[in-house]
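Worksheet: one structure, shown below.
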Amino acid sequence: MDSRLQTPIIIVNFKAYLEGTGKKAVELAKKAEKVSKETGIYIGVAPQFADISAVAQAAEIPVFSQHIDPIEPGSYTGHVLAGSIREAGATGTLINHSERQLKLSDIDAIIKLAHEKNLVSCVCTNNPSVSAAVAALKPDIIAIEPPELIGTGVAVSVSQPEIVTNTVRLVREVNSDVTILCGAGISHGEDVAVALKLGTQGVLVASSIVKAKNPYGKLREFVYASKQRAMN
């Protein structure tokens with residue numbers, strides 16, 4: 001496991017939700033920072049590109065970009081450069097989210113770029129076999145997220161636990177060091193506890209936190225579940 005990572009891990013993807021945009025992105029990141037400092041649990045946030053700098057300056061927690069492109073500096077209008085998000089204050093990046101899918105060759109190139117720029121690489125995968133293929137590319141984190149469950153409130157850890165256990169088994173056959181997270185539909189503390197019980201080391205979440213009436217309270221719920229699981 002990368003020495004910069006401490007498990008269990010919760011990464012909150014702000015996506016393009018209005019509740020996680022601009023000033024609200026900063027407010028949400030500060031709530032995540034408060035929970036992290038109170039509990040000692042690693043909580044990272046992935047705001048939109050335009051908000052990375054403001055969030056990184058306002059909150060002392062890991063900040064992830066939602067994507068970077070497999071490019072070097074040059075003529076790439078509209079693309080996202082690894083060095084630019086690093087300079088803006090990001091310490092990691094999501095790669096291959098189901099809403100921003102990539103070819104395996106591009107995933108490989110981005111993981112290499114992330115390592116060069118000292119960015120934590122978190123690759124999202126949609127099934128166990130793809131997870132195993134990505135594990136061979138040596139990212140820092142793999143987050144298993146069946147796309148059909150994303151945003152549904154139906155947690156993969158509860159509704160399709162075999163996807164999680166098969167992913168853990170296949171990934172560990174290839175890579176014993178990568179950190180494995182579980183995403184898609186994670187909405188309650190129990191979903192987090194089950195995910196950890198199935199062999200993952202944390203969760204990647206979005207709407208359940210970003211759109212919650214009380215994001216601070218929901219994060220506390222997730223953290224409590226993860227700490228209870230760690231003690232059992």
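See the values below:
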item: Residue list for the stretch 193-232, filter: among the hydrophobic types (A, V, I, L, M, F, W, C), buried (at least 18 other Cβ atoms within 10 Å of the Cβ) and in contact (Cβ under 8 Å) with a residue 60 or more places away in the chain; result: Leu196, Val203, Leu204, Val205, Ala206, Ile209, Val210, Leu219, Phe222, Val223
item: The stretch 83-104, residues that are touching a residue at least 24 places away in the same chain (Cβ under 8 Å), among the small types (Gly, Ala, Ser) and more than 17 Å from Glu145 (Cβ to Cβ); result: Gly83, Ala88, Gly89, Ala90
item: Counted residues, the stretch 167-187 - those being surrounded by fewer than 21 Cβ atoms within 10 Å (Cβ to Cβ), in a helix (DSSP H, G or I) and not acidic (Asp, Glu); result: 5
item: Residue in the stretch 42-50 that is part of a loop (DSSP other than H, G, I, E, B) and without any contact (Cβ under 8 Å) to a residue 60 or more places away in the chain present; result: yes
item: Qualifying residue in the stretch 76-99 (condition: exposed (fewer than 15 other Cβ atoms within 10 Å of the Cβ) and at positive phi); result: yes
item: Candidates Ala29, Ala16 - the one that is over 13 Å from the mean Cα position of the chain (by Cα), among the small types (Gly, Ala, Ser) and surrounded by 16 or more Cβ atoms within 10 Å (Cβ to Cβ); result: Ala29
item: For Ala32: the one exception among (1) at pLDDT below 95; (2) within 23 Å of Val123 (Cβ to Cβ); result: (1)
item: Residue check for Ile107: in contact with a Leu (Cβ under 6 Å, 6 or more places away or on another chain), in a helix (DSSP H, G or I) and either surrounded by 15 or more Cβ atoms within 10 Å (Cβ to Cβ) or not polar (S, T, N, Q) (or both); result: no
item: Some residue of the stretch 121-135 being over 18 Å from the mean Cα position of the chain (by Cα), assigned to a loop (DSSP other than H, G, I, E, B) and polar (S, T, N, Q); result: no
item: Residues of the stretch 53-68 satisfying the condition of being surrounded by fewer than 16 Cβ atoms within 10 Å (Cβ to Cβ) and within 18 Å of the chain's Cα centre (by Cα); result: Glu60
item: Answer from Val178, Val203 - the residue that is within 19 Å of Lys31 (Cα to Cα) and touching a strand residue (DSSP E or B) at 6+ places or on another chain (Cβ under 7 Å); result: Val203
item: Within the stretch 188-213, tally of residues that are part of a loop (DSSP other than H, G, I, E, B), more than 19 Å from Glu99 (Cα to Cα) and touching a helix residue (DSSP H, G or I) at 6+ places or on another chain (Cβ under 8 Å); result: 5
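The values are calculated or read from the model by the stated rules, or taken from the named source; none is laboratory data. Bear in mind the structure is a predicted one, so any value in this text is a computation, not a measurement. Ideal geometry is used to build each Cβ from the backbone, glycine not excepted, and the neighbour counts take in all protein chains shown.
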